[in-house]
Amino acid sequence: MASMCLQLLAFVLAFCGVSGVLAATLLPNWMVTMDTGSNVIMAIVQLQGLWMDCTCYSTGMFSCTLKFSVLMLPTHVQAARATMILACVLAVSGICTSTAGMQCIRLGGDRESKSHASLAGGLCLMSAGISGLIPTVWYTKEIVANFLDLTVPESNKHEPGGAVYIGFIAALLLLISGTIFCLKRDPEAWLPPPKQQHTPTAKPEGSSAYNLKDYV
């Protein structure tokens, strides 16, 4: 019963992690820059994401520009695109596989098959969590290094946006859920079946297949 409850908790964490990774991949606020200028009314917020750059004006206008050229992007942006896409694919595959391995669901076959599915799904979720941690940590490192660089003007300095925090938290949730699915599988399904001992039927010593007294 406790193992089943932990698997349900892991499924909820995995679902939140998958949603967070997908949202972080699509959101445009990986880097944020706010330029107030001489007047707060003319404040401009610039958002830079993996797929588009957006500008939000204090008047309510909002414009975005897609990043079509991949080769013109910085290295950390290209790596973030690849790893976040890989994290999304692994996360979706992991939650589908681990669902079939849950003990409270009849889908998945016998106990041994469900245990293998739970392990495979947990490994996929853990791999997705690691793939999601790499771009968020790398992105944050580049932003902090750029912000602390004295040679960079103030107008070119950025701060981490909400998508970085969402991706980092989602990656941790995927790691936790994957670990639970790997540890809380059915342990009895991995044990070899017990050997059946065949006990021969002993015949009474005084009895025989044929009673010879009947023929005397």
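What follows draws every value from the coordinates through simple rules; no lab data is involved. Since the model is a prediction, treat every value here as computed from it, not as a measurement. Glycine also receives a Cβ, built like all others from the backbone with ideal geometry; neighbour counts cover every protein chain displayed.
Report, in whole Å, the centroid distance computed from the Cα atoms of the range 151-178 and the range 68-119.
Taking the Cα centre of each part, the range 151-178 and the range 68-119 sit 21 Å apart.
Viscosity 1.567 mPa s, temperature 4 °C: Stokes-Einstein D of the range 41-180 from its Kirkwood Cα radius, in µm² per second? Intermediate results must be reported in sequence, preceding the final value.
Numbers: Rh = 17.4 Å.
The calculation lands on 75 µm²/s.
Which part of the range 96-127 falls in the paramagnetic zone of Thr179, meaning amide N under 16 Å from the point 7 Å along Cα-to-beta-carbon?
122-127
Quickly work out the Ile105-to-Leu26 label distance, labels modelled 7 Å from Cα along the C-beta direction, and quote it in nm with one decimal.
Placing both labels 7 Å along Cα→Cβ, they lie 2.2 nm apart.
Please work out the FRET efficiency for the pair Glu154 and Ala82, using the Cβ-Cβ distance as r and a Förster radius of 30 Å; give the result to the nearest 0.05.
Working: r = 31 Å, r/R0 = 1.04.
It comes to 0.45.
Calculate, in nm to one decimal, what Thr75 and Ser58 gain on full extension: separation in residues at 0.36 nm each, minus their alpha carbon distance.
Numbers: separation 17, 0.36 × 17 = 6.12 nm, distance 3.18 nm.
That works out to 2.9 nm of additional length.
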